[in-house]
Structures are given as structure tokens and as C-alpha cells.
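Some notes on the structure that comes next.
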Amino acid sequence: MEYLSSTPGQRLEGYRAYARAADSFSGVAWKAPSAHRFENTVANDAPSREPTVGEVMKAVPAWLVVAGGAVAAALMGAMLGGALHI
């Protein structure tokens, strides 16, 4: 059976990464990195306030409403023209 030996650089890197003994790269001393999956918010914590529809509509510039209406009218005209062509 062949044993894997680690170089001094690997030992130092393993010590820095896992804060373990000098042979941190050997199979026995390996430790999986900790998973940070726990969300520490309270279950009944109030969510942040969502903007109302009125607030969102006030934030839309007027030129965007006009341009959106023009695009919708052009699409409806193209569909009507295609339907009448058939």
C-alpha cells in the first residue's frame, strides 16, 4: 500500500485552511468545510414593506407609458392586418 506524503507547503496550507494538525492533507485528518445553510431570521419576522401599485405607477415616467401604448397599438394593427390578409 502506498502512503501519500504531503510536502511542507501542503502542510502549511492545510493548517491555514482547516486550523488542524500539520498533516491536514492526510485522509484521516481531513475535515469537510462547514456549511453555512442556517438562516438566522426569525420565522415570524415581519417582511419588509412592499410598494403599493400606486407608488409603482407614480415611479413610471410618462414617456414610457406613451411608448408602451404605441408599441401595443402597432402590434395590434399588425395582427389585425395579418388577420384581414388571410
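Express in nm, to one decimal, how much length is gained between ARG11 and VAL66 on full extension, taking 0.36 nm for each residue of separation and deducting their alpha carbon distance.
On the way: separation 55, 0.36 × 55 = 19.80 nm, distance 6.66 nm.
That works out to 13.1 nm of additional length.
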Sorted by mean Cβ packing within 10 Å, highest first, what order do the peptides 64-70, 6-12 take? 6-12, 64-70
With each pseudo-label sitting 7 Å past Cα toward Cβ, what's the VAL42-MET57 distance in nm, one decimal? 3.6
Amide H neighbours of SER6 at under 5 Å, excluding residues fewer than 5 places away on the same chain, with H built from the backbone geometry, are none
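FYI, it's all coordinate maths here, none of it is from the lab. In this text the structure is predicted, and so the values were computed from the model without any measurement. Glycine also receives a Cβ, built like all others from the backbone with ideal geometry; neighbour counts cover every protein chain displayed.
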